[in-house]
Structure formats: C-alpha cells, structure tokens
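No value in this document is a laboratory result; all are computed from the given coordinates. Only a predicted model underlies this, so the values are computations on that prediction, with no experimental measurement involved. Neighbour counts are summed over all protein chains in view; Cβ atoms, including those assigned to glycine, are modelled from backbone coordinates with ideal geometry.
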Amino acid sequence: MKDDELERLFRLYHAPLVRYLTRRLGDRDWAEEVAQEVFLRALRQDSLKNERSWLFAVATNLVRDEARRTARQRRHLLVLAEQERDTVVEQPPTTAERAHEAALARQALESLVEKDRLALLMREEGLNYEEIAAALELSVGSVGTTLARARRRLAETYESLQAGEGRRAAGGDDHD
C-alpha cells in the first residue's frame, strides 16, 4: 500500500477504530497501540477490498489474540477503580453515581457473549450491517438478529445488576 493511501485510511478510520478498541479494551493507550498495529498491517497489504470492515476485523482479531492478557489487565484495573472509588469520599454524589452506572454498564457489556458485544460496539462506531457481517464472519441477514438479541440481553443484565445493587443497599451490612 502506498503512503498516501495509508494516510487517507488513517485520517478516515483512526478515530472510530480507537473509540471501538477503547470500548473493547477499556484502556485508550492500549487501544492506540492496537490501532497502530492494524495500520501497520494495512501498510503491508497490496489493496483492501472493504477497507473499513477489514480494519475492524483485524483489530478484533488482534484483541482476540491477546484475550488472556486483556482479561488479567481488566480485572486489575477494575479492582484499582473500586479501591479508588471506596477511598475517595469527597466526590460529589452525581459524579459517583455516574461512575457507578458506567461501571454497571461496562459489567453488563462484558457479560455478553463476544459476538454480541463486538456487534454492538461496531454498530456504535457506525459500521453498517454488511461491514459488521464481514468483520465478524456472519451473514448480513443475521446481523439484525444479533444486534437485537445483544441489546435485549444488555438491557436485561443492566437492569438485573441495578436491582441487585438495590437489594444489597436495602439489606444493609447485616452480613458482616
């Protein structure tokens, strides 16, 4: 691939790819590293047929290849975030509530099967059904069903997590 073609791809797809990867990985720096690797691999290609789905598919595969390391880092970061949230008392309630809701949403998203999670994240980045199908190796006809199922499961899991939090809060600390 020529430098000017790579530059065009970078201008068009770097930001959405990094957003997708940040949501997928939970770490913007790591997302930037993976995106850089994706563009390096694109540079080695003679041409790309469906460039956006190719870039997202390569990014997805790179993340999948590092799944064990990702899981360990994510667990560590969640523990640190919980410790920090527990020790920072002077946060305004609205900020703490937003952080808690975001944590519940991330937990609900992470509970989805990988295909559902990736389909939602790709759709959020504006990929169309054909591009999602190509990136996830699905039929175009199954993308809508996959997205609908993923949205339903995400909402159910999020509501369940919120309800669980409410039950624990109402029960107090009787278990100590």
Once you put a point 7 Å from the Cα of E33 and another 7 Å from the Cα of H76, both along the Cβ direction, what distance in nm separates them? 1.0
How big is the charge dipole of segment 3-171 about its Cα centre, in debye rounded to the nearest 20, if each Lys and Arg gets +1 on its Cβ and each Asp and Glu gets -1 on its Cβ? 600
Sites E124 and K2 - FRET efficiency at Förster radius 22 Å, r taken between beta-carbons, to 0.05: 0.10
Signed unit charges on C-beta, dipole axis of segment 3-171, positive-most listed residue A99, Q83, T146: T146
So if I take the centroid of the Cα atoms in segment 94-160 and the same for segment 29-65, what is the distance between those two points in Å? 21
Farthest toward the dipole's positive end in segment 3-50, which of T22, A35, Q45, given Cβ charges of +1 (Lys, Arg) and -1 (Asp, Glu) about the Cα centre? T22
